[in-house]
1. Which residues, counting only those in the range B:113-143, are in a loop (DSSP other than H, G, I, E, B), within 12 Å of another protein chain (Cβ to nearest Cβ) and not hydroxyl-bearing (Ser, Thr, Tyr)?
2. Show me the strands (runs of 3 or more DSSP E) found entirely inside the range A:1-95 where at least 2 residues are farther than 26 Å from residue A:107 by Cβ and among the β-branched types (Val, Ile, Thr).
3. Residue check: is residue A:344 in contact with an Asp or Glu (Cβ under 6 Å, 6 or more places away or on another chain) and either touching a residue at least 40 places away in the same chain (Cβ under 8 Å) or buried (at least 19 other Cβ atoms within 10 Å of the Cβ) (or both)?
4. Confirm whether residue A:129 is closer than 22 Å to residue A:226 by Cβ, part of a loop (DSSP other than H, G, I, E, B) and of a type in the set (Gly, Ala, Ser).
5. Working only within the range B:57-80, note down all residues that are more than 25 Å from residue B:120 (Cβ to Cβ), surrounded by 15 or more Cβ atoms within 10 Å (Cβ to Cβ) and more than 14 Å from chain A (Cβ to nearest Cβ).
6. For the range A:356-367, what are the residues that are surrounded by fewer than 24 Cβ atoms within 10 Å (Cβ to Cβ) and of a type outside the set (Phe, Trp, Tyr)?
7. Go over the candidates A:288, A:272, A:293 one by one and state the one that is aliphatic (A, V, I, L, M), surrounded by 24 or more Cβ atoms within 10 Å (Cβ to Cβ) and part of a helix (DSSP H, G or I).
8. So which residues in the range A:139-155 are over 19 Å from residue B:132 (Cα atoms) and more than 7 Å from chain B (Cβ to nearest Cβ)?
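Values in this text are rule-based calculations from the coordinates and carry no lab data. These figures come from a predicted structure and were not determined experimentally. Every residue, glycine as well, gets a Cβ built from its backbone with ideal geometry; the counts of neighbours run over all protein chains shown.
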Amino acid sequence: MSDGPFGGKAVITGAGKSQVGRKLGRTGLDLTVEAVTRAIADAGLTPDDIDGVATYPGPGVPDRGFSGASQSELANALGLRQKWFISSSETAAQIGPAIEACMAVTLGFADHVVVFRSVWESTAQMDRGRASVLFDGGELPAHLQWSGPYGGLSAANWLSMPAMRYMHDFGLTREQLGAVAINARANAGLNPDAIFTEPLTMADYLGSRMISDPFCLFDCDIPCDGATAVVISRREAAAGLPKHPLTVESAGTGMFERATWDQRRDLTTMAAHDVATMLWERTDLTPADVDMAQLYDGFSFLTLMWLEALGFCEHGEAGRFVEGGEAISRQGKLPINTSGGQLSGGRLHGMGFLHEACVQLWGEGGERQTGSPEIVAVGVGGGPVAGAMLVSSR
Amino acid sequence: MTASYQRPEVRLVPTPSPETGAFWAGGEQGELLISFCQGCGHYFHPPGPVCWRCRSRDVAPKAVSGRAVVAAYTVNRQPWVPGFAPPYVIAMVELVEEPDVRLQTNVVGIEPDEVSIGLEVEVFFEQWDRIWVPLFRPVRGVA
């Protein structure tokens, strides 16, 4: 039996979340400190025990509100004595730094690494709408050079095109996309931290305004303010800590083609497919062993991409897999996005899924606790951005 | 059904680099200039100093026919850019010379709801100062 790429040495010992909401008016660093200190306390540690920090995306990001705090801002704020640290955006999506933290503790570079992701996109856009944080004048940034001239400023545009192609090739319907949004809303209703909690019907979904075909408003996640954090520890260093350590069984990283939004050979697959291939190559576990999945839903379509990329259904079958919502519900064969995801829980941007996986594995979900999962798959990102993790309570 | 195309009040234009300059300026001569590799005989996009397939450095912009096929598209309904009003079609079009090369563009001259995957389109250019933005419209007589 393989112990996976980290030899069983990388474990998660604590998780924390800040206040999550709309237009909180708090700074990104303030939210970050709240999430991080909660995660450290959850692990039964103090900031003096933390000797590593990892985060996505780090400094230099043009979109306001997209990066709540950099690695150095957090470390400086808490006066941490670090043996190892990293921030990166060119990594395995928003959970890439969590994977790098696993490497660091496995190699003995650090004992306890706090990993965080924070956003304040809701406060940043104020009353000026989503467009104001995507591009606010001046020179078009590099990542908009090819889409900006055509009015394609949002990832909603970049990802709606492959979604349309997938509909064309495989018969995906809007009702099938809607099943993902409706499931997320149902789960959010059980999550006291979620942004949108009132039930969503298929009629509501189909009747909402279109953003970029085939995506309507409810196919797009909800910008919010909030931060999430986990503590990743070296297993030996975790001895005696209060919580059962969660084992990081495998990590999915990789990019088999050029990292673009438009040049991938098969427009109906994404980097998620490459990452999932590597996730399974690095472990003896299989999709059949997975009890629950937390799958990125910046757009509903991305959840479908992860379902098929991770092997829960065949390529082209994801729409039929989610149809009616039964299979992915809390009672279904593969419950997903038990916190309401980003579609209804709020766009915590990737790390929220790892946080929720930990909550469920520890049985701390309260009203939304969904069974007693032992192995949870986490898939994060969309388009040319992807990372995955397999976490267990074994 | 064809539809008349009206130039928008505003179009966000890129800042060309030494590598992308030819692509954005080719329209001045009415040419769609795509990076071409003499080493392996393939076009590639976006432009760069090396062919990503065979790694040859013998690459240069070369004019293509400007004919392409819609591989994917969306009708954007949300206002993102003041002066660039929705609805408008954003598409990925594949060049007839090299289906592996996709350009993001607007497909115009056709009602947004009439666009389809597989639609045959051809390039034309819209000048904004020193930038000639490649746009695509249905090949005459096809749509």
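1. First, pick out the residues of the range B:113-143 that are in a loop (DSSP other than H, G, I, E, B): B:115-119, B:129-130, B:139-143.
Then drop every residue that is not within 12 Å of another protein chain (Cβ to nearest Cβ), which leaves B:115-119.
The answer is B:115, B:117, B:118, B:119.
2. Details: elements: A:10-17, A:52-55, A:84-87.
Of the strands (runs of 3 or more DSSP E) lying wholly inside the range A:1-95, none has at least 2 residues that are farther than 26 Å from residue A:107 by Cβ and among the β-branched types (Val, Ile, Thr).
3. On the way: in contact with an Asp or Glu (Cβ under 6 Å, 6 or more places away or on another chain): no; either touching a residue at least 40 places away in the same chain (Cβ under 8 Å) or buried (at least 19 other Cβ atoms within 10 Å of the Cβ) (or both): yes.
The answer is no for residue A:344.
4. Numbers: closer than 22 Å to residue A:226 by Cβ: yes; part of a loop (DSSP other than H, G, I, E, B): yes; of a type in the set (Gly, Ala, Ser): yes.
Yes; evaluated as a whole, the condition is true for this residue.
5. Answer for the range B:57-80, where residues must be more than 25 Å from residue B:120 (Cβ to Cβ), surrounded by 15 or more Cβ atoms within 10 Å (Cβ to Cβ) and more than 14 Å from chain A (Cβ to nearest Cβ): just B:59.
6. Step one: of the range A:356-367, the residues surrounded by fewer than 24 Cβ atoms within 10 Å (Cβ to Cβ) are A:359, A:362-367.
The answer is A:359, A:363, A:364, A:365, A:366, A:367.
7. Numbers: A:288 fails: surrounded by 24 or more Cβ atoms within 10 Å (Cβ to Cβ); A:293 fails: part of a helix (DSSP H, G or I).
Selected residue: A:272, the only one of A:288, A:272, A:293 that is aliphatic (A, V, I, L, M), surrounded by 24 or more Cβ atoms within 10 Å (Cβ to Cβ) and part of a helix (DSSP H, G or I).
8. Looking only at the range A:139-155, we keep the residues that are over 19 Å from residue B:132 (Cα atoms), and these are A:143, A:153-155.
The answer is A:143, A:155.
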